[in-house]
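Trainee: Okay, here's the structure, questions in a sec.
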Amino acid sequence: MEAKAYLRYARIAPRKVQIVLDLIRNQPVDKAIAILKHTPKAASELLLKLLNSAIANAENNHGMSKDALYVSECFVCPGPTLKRIRPRAKGSAARILKRTSHVTIALKEKE
């Protein structure tokens, strides 16, 4: 049995989230929380809230013990891209792509 939590339409590029997710994959929840608290990346704050949500889901919905949980699966998918325009020289314009992310974290109990 596994407990999941989703973060949809986060206004941060998937590449930036992926770097932090690689640090916590297959880690026990205590260690994952410590890693996220001490990683100076913008995605760390969002992922910490998401991880706490997944832990709460595991305890309340599935009756799992927090001590035995580990991050079994975590991944990010690109969401819709907001397209904006920046003025450039001679009346032209440049595209700015503001990317969004869909993040999923799944927790399982150690056997």
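The values are calculated or read from the model by the stated rules, or taken from the named source; none is laboratory data. Just so we're clear, the structure is a prediction, and the values are computed from it rather than from any experiment. Neighbour counts run over all protein chains shown; Cβ positions are idealised from the backbone, glycine included. Surface areas here come from the heavy atoms of the whole protein model, side chains and all, with no ligands, DNA or RNA. Shrake-Rupley method; radii C 1.70, N 1.55, O 1.52, S 1.80 Å.
Trainee: Can you run down the residue pairs with Cβ atoms below 6 Å, 6 or more apart or on separate chains, where the first is in region 1-21 and loosely packed, with under 13 Cβ neighbours inside 10 Å and the partner is assigned to a strand (DSSP E or B)?
Mentor: Listed pairs, sorted by first residue: 6/104; 8/102.
Trainee: Go through region 26-53 and give me each residue that's part of a loop (DSSP other than H, G, I, E, B), open to solvent by 80 Å² or more (accessible area, probe 1.4 Å) and more than 15 Å from residue 3 (Cα to Cα).
Mentor: Residues satisfying the conditions are 38, 40, 41.
Trainee: Could you check region 1-22 and list, in sequence order, the residues that are at pLDDT below 95 and not in a strand (DSSP E or B)?
Mentor: 1
Trainee: Could you please find all residues in region 54-111 being open to solvent by 30 Å² or more (accessible area, probe 1.4 Å), β-branched (Val, Ile, Thr) and assigned to a strand (DSSP E or B)?
Mentor: 85, 96
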